[in-house]
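Beneath this line is the structure, given in structure tokens, with notes to follow.
The values are calculated or read from the model by the stated rules, or taken from the named source; none is laboratory data. Because the structure is predicted, anything quoted here is derived from the model rather than measured. Using ideal geometry, Cβ is built from the backbone for each residue, glycine included, and neighbour counts are taken over all protein chains shown. To get the accessible areas, we keep the full protein, side chains included, count just its heavy atoms, and leave off ligands, DNA and RNA. Shrake-Rupley method; radii C 1.70, N 1.55, O 1.52, S 1.80 Å.
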Amino acid sequence: MNKLGTDKRVQVVAALVEGASINATCRMTGVAKHTVLKLLKDLGCAAASYHDSRVRTLRVRRVQCDEIWAFVYAKQKNVTAEQMEQGAGDVWTWTAIDADTKLIISYTLGDRGAGTAQTFMQDVAARIANRVQLTTDGHHVYVDAVEDAFGADIDYAMLQKIYGAPSDAEMRRYSPATCIGCKTAVVAGDPDPNHISTSFVERSNLSMRMGMRRFTRLTNGFSKKLENHGHMVALYFMHYNFCRVHKTLRVTPAMEAGLTDHVWEMDELIALLELR
């Protein structure tokens, strides 16, 4: 059985993290589809394991959290009960970003309900070693989840954006709604009003849509299986944290956070396969 060489693996992973679909990656690299999917699975699992073990004991001042929507196989309104049991339908990716280092602290896949919020916030709290200021959107499930995870040891505020819908039907389908105002609410502690913001995590959401074909709207590049969706998210965040130089910081988020002392090359990312 032939084993994919490191150079070819680098080509495949580079294509995937820059927003190419599986089929486009196969065409560009000449690697068979089942081989690309096997590499995605193995490296995604390795990336998730590395993140879980190494992105911990963080000294963080300000954290922003948000959820981003995608779907697997079909949108929720179009799936059967049997398909839902296999992971089809809407899937939300919850992310927490350090506003200073731009490090993705935690990510969780699931629905948009209270159970996923609890799991997500418990993981965020477990990775931070000090009291932080936290900002989320106005999604009500955050309140109990944050209290259960952090208790009283947090400065927490919600930022609720108010949107106005376009009057034109075509605009409603293809253009984002216009933000016409914001409301802030202090939930716990004493957060600094100047840093009640979700701008960085929302910009991270945009990067996710550009960097993962599965998140692109109105295309046929969506995920067909929940497992592959999760593997791609894990691989993307590993590359984002350790390999991708942030334009403002001029280093990677992991370097700024003190998790590494250099920019990871792609072959270092591939080498995570040997640690499994």
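Compute the length gained on full extension between Ala152 and Asp42: take 0.36 nm times their separation in residues and subtract their Cα-Cα distance, giving the result in nm to one decimal.
35.6 nm
What does the C-alpha gyration tensor say about the overall shape of the range 39-134? Classify as rounded when a/c is under 1.5, otherwise prolate if a/b is larger than b/c, or oblate.
Because a/c hits 1.5 or more and a/b exceeds b/c, the range 39-134 counts as prolate.
I'd like to compare 23-33, 62-72, 103-113: which one has the highest average count of other Cβ atoms within 10 Å, and what's the full order after that?
Going from most to least packed, we get 62-72, 103-113, 23-33.
Expected output is a single nm value to one decimal: the length gained when fully extending between His139 and Lys75, i.e. 0.36 nm times separation in residues minus the C-alpha distance. What is it?
20.9 nm
List the residues whose amide H sits under 5 Å from the amide H of Tyr156, counting only those 5 or more places along or on another chain, with H placed 1.01 Å from N in the peptide plane.
Leu134, Val187, Ala188, Gly189, Asp190
Sorting check: for 90-97, 233-240, which peptide has the highest mean count of neighbouring beta carbons within 10 Å, and how do the rest follow?
Order by mean packing, descending: 233-240, 90-97.
Pick out, from Trp94, Val36, Ala145, the residue whose Cα sits farthest towards the positive end of the charge dipole of the range 1-147, with +1 on the Cβ of Lys and Arg and -1 on the Cβ of Asp and Glu.
The listed residue farthest towards the positive side: Val36.
Mind giving me the nanometre distance, one decimal, between the label points for Ala271 and Arg61, set 7 Å out from Cα along Cα→Cβ?
Going by the 7 Å Cα→Cβ label model, 3.3 nm.
Carbon and sulfur together cover what percent of the accessible area of the chain at a 1.4 Å probe radius?
50
Along the charge dipole of the range 193-276, which of Met255, Leu206, Asn194 sits closest to the positive end, that is, farthest toward it, with unit charges on the beta carbon of Lys, Arg, Asp and Glu (+1, +1, -1, -1)?
Leu206
Relative to the Cα centre, what is the charge dipole magnitude of the range 128-276, using +1 at the beta carbon of each Lys and Arg, -1 at the beta carbon of each Asp and Glu, and rounding to the nearest 20 debye?
The calculated dipole for the range 128-276 is roughly 880 debye.
Charges only on Cβ, +1 for Lys and Arg, -1 for Asp and Glu: so what's the dipole of the chain about the Cα centre, in debye to the nearest 20?
1040
Separation between the Lys225 and Lys33 pseudo-spin-labels, each 7 Å from Cα along Cα→Cβ, expressed in nm?
1.2
For the chain, modelled as a GNM with alpha-carbon contacts under 10 angstrom, which of Ala177, Ala145, Ala157 fluctuates the most?
It is Ala177.
Note down, for the range 192-276, the three equivalent ellipsoid semi-axes (square root of 5 times each alpha carbon gyration tensor eigenvalue), biggest first, whole angstrom.
24, 22, 11
Over 20 Å between C-alpha atoms is what I'm after, so list which of Lys8/Lys102; Lys3/Lys225; Lys3/Lys38 land there.
Lys8/Lys102; Lys3/Lys225
If you roll a 1.4 Å probe over the heavy atoms of the protein chains, what accessible area per residue do you get for the range 205-276, in Å²?
51
Calculate for the chain the 222 nm mean residue ellipticity that helices alone would give, adding -39,500 (n - 2.57) per DSSP H run of length 4 or more and normalising by residue count, nearest 500 deg cm²/dmol.
Mean residue ellipticity at 222 nm (helix-derived): -12500 deg cm²/dmol.
Points 7 angstrom from Cα along the Cβ direction at Leu206 and Cys182: gap in nanometres?
Distance between label points: 1.4 nm.
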